[in-house]
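Working notes for the structure below.
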Amino acid sequence: MNRLFWITAFFLFSLQAKADFLFINLNDAAEEIKYAQKALANINKIHAQKGEPLEELVVVPEPLPPAEARKLNDLNFRLYKLNKTLQSECKITQAPSCQELESMQNKLEQEKKSFLEKTKFNAEVLQKALAKQQEKKRDFRSLIISGHDGTGTFSGVNGNISDAKLGEIFLSYPLLSANLTTIYAWGCYTANPGAIDGMWKKNFPNLLAVFGYDYKGAKKDAKAGLNYLQNMMEKEEKAYRAKNAKELQDLLKTIKGYQLVKPAISVCDMYATPTEASTLTEIKKDCASKMSELKKIKTVFDCYARAKDENCYNPPENTSVSKLREYYELLQSAQICEQVAEYEAEFRSLSKDQTIRLIFYRNIVANLQNNYQKEFLEVDKTLEQLGASSALRFGSVKDLSRHDLMMRVELLNDFLIGQEHIEDKPLIERAQLSMLFNFRSAIISTAVNLGLCVPFNWVEPNAIEESHCLNNSRFGDENVQKTLKNPEQMGAGISSLQTSIGMNKLHKLRIEAIKNPTDVNRAAFELADAEMAWNFAKKENASFGSLADYKSPNADVYALRLKRAERLKQLAALGLKDITKDPESVNLALQYNIGLIKNSKDADSETSKKKLLLLERRLELENPEITQEGRELAKKEIGRIESQMSDLLYQEKLNELFKRKAMLSVSAKNSHSELLDSQFTEIYEKEIEQIEKEIDLMHTFKERYASGLSEKIFLRPMGSEF
Amino acid sequence: MNFFLFICLLLSSLTAAVAADTSAKVQVLQMHPKFPLEKMADEGVELHPLSDVGKNEEVITAIDRDVILNKANLIKTTANWDALEKDLLLLRAEKQEPQRAAKNYSGKISSQEITRLKKIILSYRKEKAVK
């Protein structure tokens, strides 16, 4: 919409109507309310001189009256002291005086609750408050919201509300919000370009101006933040008159103590911080070009980080002039893109710390070698004793190229996951393997990942300093000796070693199954996954070993899963098609899911009971001896339950897909840094795309639910790859 | 939570896993601003909102770095330096003894100036950690 039109409308409106401010007090910010009232008093003086209607400040929820606020403070202090006494004196003994203190604590907590009840805030409270204000024919032109902002939710001691909900509620009161053109968003990251476009303007379509913070907000009682609020309210009219972003920035710089906070203001398309004066459109455009340049040059970083291609075996020797250094420069200059919604996630995943360490990689490995020389020799000796191939020796790591070092780490990984029959190995061997697992983690976290485990000083030669993630007792002979004294705790216990081996094996098989999704590969992964589940269940048993009659109910359930996975592996090896439809596998899958529901915490809930019924009927259908009549009955009942539960099952399935997507995103993010396999990221990204397609399919299936596609939606035997 | 999901999450923390560590925290990282992270709060997983990603970086953002250099009266000295050189100066000042850090700047920046710079950086870090 044309800027001139809106600004004219704003002035015409402000001349004619009585427009008020709404203060949403999420964070019990009495001082901010006081400063907003001061500002309003000054604004009203001008209105009075001009004969215009005066404005009011409506606060929701109202803060406690001073006397009650003092009482609450006193209560908090007494509770604090009481908790300290309880923690220090009543932790071990249960003296009668402790019981008295505990009952006193309960009483005070109740009292506190009754105070907090009065200032509670949520969507319902807002709705009621707005309904009341609409009855009074109130017309809000500005909204001040004070709280902590994070992941789309504003929160504070009084409660919370999502930004989307806030907008939704406001828009449901059109008379109140039709002229809402200004937002004071007093929280962290509330007025950066991403928040303005992606949050405020989206949720409040008539919005013209946003005042707030582009980074961290000031604390609720910090003088600079309070001044900023008061001054900005008083200068709001001037802000609307600014002709360009520079003028807006000049105005911002007239605010008392602006240098002490991180203010950001936007009117129409203009955007200003103390260091930036531009338009939202320009910022986006600039970012689009910077991010595309960054993407191009990031291939250089990836190449050296992964060290797979021959021309990238080692980062450049010249640290002063290189493509890596160009990448670093661009990374710093594109900082503003972190604040643009479209690029935020992508930009945040790029690490400057890691880039610095890659530029100075040669110094880093030299320092690693110098600080852990003895341990490296001991690792090599252990590898020899355990019969590892002679190619798997680390020698002097500073003389290895990054490529050679990473190859050795991969060889070490293969060597460790190739270990079988741990239970038959002597304790000393288990202690050595456990130490090698530690070493593997240590070398990945430092020389491979190049993250914050590497002390900054290692970027310079001859730094005598230990890694943040390694102390000498974690690997080398010292660790083996320590482990021998306390094998379970130090990881040489059979089940913990099996777990470590299983986890690493699973990781590798998963990558194989995604890269090359044959039935054989997928079955191998499924089996490893089931073995892990089984081992966990067994471990659960073992940890209750002293209770002779205790048996984890999940052990039996996971045994079913293991059996199914073994069956799938056999079928895959035979080269059979559609192995997941094999009746025995389906039968085992259903029994496994039935067992899981029966053992779950909410087994008694109505939903669990219905799900159980559904699965039991499906199991009946799998029975070859079922009569025609029985089959019809079971099908009918399945249809009935599914139609009753369709929304819930759909939602559960959708949530599961969203979760899988989020989890794979973590893996994708970590694989950026783990770098052990150059294709990790691409593989996971492909998988995420698949899930997104599945989510789309779910929406389509839901629409087509009535036409008998329900099985495809809900019957996934294991929730696994198959 | 089904076991497969659990494993996926566990895998995500494998980089730091040690042999005995089977209790790795299940982590969910928000990779898109619209991902409904709050819906997962009751799942017993460790949630990382997007705004957390990269927040522990040692390198200070370019905007804040220049404000710090300005406060330390080093903006002119570093005027023709590239971003990496400026960032290295801040990191050295923060992590090293002033005399050692100053050696890298052969007379251009004294150990006293490094000490003052360090103070400003530390107070910046403190302020950043507060809210």
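Inside the stretch A:339-363, can you point out the residues that are within 14 Å of chain B (Cβ to nearest Cβ), of a type outside the set (Lys, Arg) and more than 18 Å from the chain's Cα centre (by Cα)? Selection gives A:VAL340, A:ASP353, A:GLN354, A:THR355, A:ILE356, A:LEU358, A:ILE359, A:PHE360, A:ASN363. Within the stretch A:411-435, being within 20 Å of A:ASN535 (Cα to Cα) and free of Cβ contacts under 8 Å to residues at least 12 places away in the same chain holds for A:GLY418, A:GLU420, A:HIS421, A:ASP424, A:LYS425. Over 18 Å from A:CYS303 (Cβ atoms) and touching a Ser or Thr at 6+ places or on another chain (Cβ under 8 Å): does that describe A:LEU377? Criteria not met by A:LEU377.
When the test is whether a residue is surrounded by fewer than 22 Cβ atoms within 10 Å (Cβ to Cβ), outside any loop (DSSP other than H, G, I, E, B) and not aliphatic (A, V, I, L, M), A:GLU466 does not pass it. Does A:GLN373 satisfy the condition of being touching a residue at least 12 places away in the same chain (Cβ under 8 Å), over 22 Å from B:GLU58 (Cβ atoms) and away from chain B (no Cβ under 13 Å)? No; evaluated as a whole, the condition is false for this residue.
For the stretch A:169-181, does any single residue satisfy the condition of being within 14 Å of another protein chain (Cβ to nearest Cβ) and touching a residue at least 40 places away in the same chain (Cβ under 8 Å)? No, the stretch A:169-181 contains no residue that is within 14 Å of another protein chain (Cβ to nearest Cβ) and touching a residue at least 40 places away in the same chain (Cβ under 8 Å). With a requirement of 1 or more residues that are within 29 Å of A:ALA164 (Cβ to Cβ), the helices (runs of 4 or more DSSP H) lying completely within the stretch A:46-138 that satisfy it span A:96-118, A:123-135. Right, A:GLU247: closer than 27 Å to A:GLN335 by Cβ, more than 30 Å from the chain's Cα centre (by Cα) and of a type in the set (D, E, K, R) or not? Yes: the conditions hold for A:GLU247.
Considering only the stretch A:597-621, how many residues are modelled with pLDDT under 85 and crowded, with 16+ Cβ neighbours inside 10 Å? Within the stretch A:597-621, residues that are modelled with pLDDT under 85 and crowded, with 16+ Cβ neighbours inside 10 Å number 0. For A:LEU497, the criteria (1) more than 9 Å from chain B (Cβ to nearest Cβ); (2) within 20 Å of A:PRO426 (Cβ to Cβ); (3) surrounded by 18 or more Cβ atoms within 10 Å (Cβ to Cβ) hold in every case but one, which is (1).
Taking the criterion of being of a type in the set (A, V, I, L, M), within 38 Å of the chain's Cα centre (by Cα) and at pLDDT 90 or above, the residues of the stretch A:2-43 that qualify are A:LEU22, A:ILE24, A:ILE33, A:ALA36. Within the stretch B:78-99, not a single residue is on the phi > 0 side of the Ramachandran plot and outside any helix (DSSP H, G or I).
The values are calculated or read from the model by the stated rules, or taken from the named source; none is laboratory data. Everything numeric here is computed off the predicted structure, so don't read it as measured data. Backbone-built Cβ (ideal geometry, glycine too); neighbour counts: all protein chains shown.
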